[in-house]
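None of the figures in this text is laboratory data; all of them are computed from the coordinates on show. Keep in mind that what you see is a predicted model, and the values were worked out from it rather than measured. Positions of Cβ are generated from backbone atoms using ideal geometry, with glycine treated the same way; all protein chains shown enter the neighbour counts.
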Amino acid sequence: AQSVTQPDIHITVSEGASLELRCNYSYGATPYLFWYVQSPGQGLQLLLKYFSGDTLVQGIKGFEAEFKRSQSSFNLRKPSVHWSDAAEYFCVAYNQGGKLIFGQGTELSVKP
Amino acid sequence: GAGVSQSPSNKVTEKGKDVELRCDPISGHTALYWYRQRLGQGLEFLIYFQGNSAPDKSGLPSDRFSAERTGESVSTLTIQRTQQEDSAVYLCASSLWRVSGREGETQYFGPGTRLLVL
């Protein structure tokens with residue numbers, strides 16, 4: 001079955017430090033991949049997406065993600081985290097059946 | 001421009017009552033989706049509408065759940081005889097269209113309706 005795995009349930013980083021959130025997918029073909037962020041009390045906001053082409057995609061708020069087919073991964077990165085980045089992050093795959101498959105989410109806390 | 005809007009933002013109800021949740025998609029978006037997010041979990045797909053096609057109801061957890069959409073605009077999700085396990089955030093999303101391989105598949109989410117069944 002198609003699935004998306006985010007191995008880290010909760011990550012804490014210091015403000016100004018770099019960040020990498022892991023995501024692995026299980027899918028026969030190249031999926032369409034997304035990262036969404038959900039701040040407390042807010043809806044889901046699209047950070048970035050990968051459909052095809054360049055495997056390094058840039059998103060909003062200084063985030064980027066790299067698609068690695070050999071590792072079935074789509075990790076999210078940011079070089080310097082800001083306190084306002086504290087939120088829950090979801091890695092999402094879109095399958096050919098037209099449904100979004102969500103990972104369980106990674107909660108990010110930022111230490112001052 | 002306006003994003004996806006949902007109402008009410010919060011709903012508290014008693015077990016056994018019916019509730020209706022509303023979603024207004026982004027204007028021009030033909031595809032509309034409903035999801036449920038239980039506390040601490042990812043989203044579960046519930047139902048999807050695309051234009052005049054029959055909706056994909058494969059994610060509805062029971063026959064107590066139903067949804068309608070008027071044309072390519074407003075949708076309502078109805079939960080009959082609510083149970084405590086229905087407590088969750090119900091999220092609506094819309095996209096331009098749903099054609100494989102096209103940019104229009106990107107889904108934009110509303111703020112959600114937080115439902116609490118006592």
### Summary
With residue B:42 itself left out, Lys, Arg at +1 and Asp, Glu at -1 over residues whose Cβ is under 13 Å from its Cβ give 0
### Query
What list do you get for A:76, B:46, A:56 if you sort them by fewest beta carbons within 10 Å?
A:56, B:46, A:76
### Summary
Mean separation of Cα contacts under 8 Å (at least 6 apart) over the residue count of segment B:13-61, i.e. the relative contact order in percent, is 25 percent
### Message
About the Cα centre, and with charges only on the beta carbon of Lys, Arg (+1) and Asp, Glu (-1), how big is the dipole of segment B:5-99? Nearest 20 debye, please.
### Response
120 debye
## Note on the structure
Those GluC sites (Glu not before Pro) from segment A:5-79 that are DSSP loop and have at most 14 other Cβ neighbours within 10 Å turn out to be A:15
### Task
Return the inverse of the average 1/r over all pairs of distinct C-alpha atoms in segment B:5-99, which is the Kirkwood hydrodynamic radius, in Å to one decimal.
13.6 Å
### Summary
With R₀ set to 22 angstrom, the calculated FRET efficiency between the beta-carbons of residue B:39 and residue B:9, to the nearest 0.05, is 0.85
### Message
Tell me the volume per residue, in Å³, of the convex hull enclosing the alpha carbons of the protein assembly as shown.
### Response
127 Å³
## Note on the structure
Given pairs A:68/A:99; A:61/B:11; A:49/A:78 and cut-off 27 Å on Cα-Cα distance, the over-length ones are A:61/B:11
#### Entry: Cut-off 14 Å (backbone N to label point 7 Å along Cα→Cβ of residue B:81), residues of segment B:1-28
B:15-19
### Query
Any idea what the dipole of segment A:3-111 comes to, in debye rounded to 20, about its Cα centre with Lys/Arg Cβ at +1 and Asp/Glu Cβ at -1?
220 debye
### Task
Sticking with the crude label model, points 7 Å out along Cα→Cβ, report the distance from residue A:109 to residue A:66 in nm, one decimal please.
2.9 nm
## Note on the structure
Quick calc, residue B:22 & residue A:22: beta-carbon distance into FRET formula, R0 41 Å, rounding 0.05, result 0.65
### Task
Would you order B:81, B:69 from fewest to most other beta-carbon atoms within 10 Å of each residue's own beta-carbon?
B:81, B:69
### Query
Percent relative contact order of segment B:5-99, based on C-alpha pairs within less than 8 angstrom and at least six residues apart?
38 percent
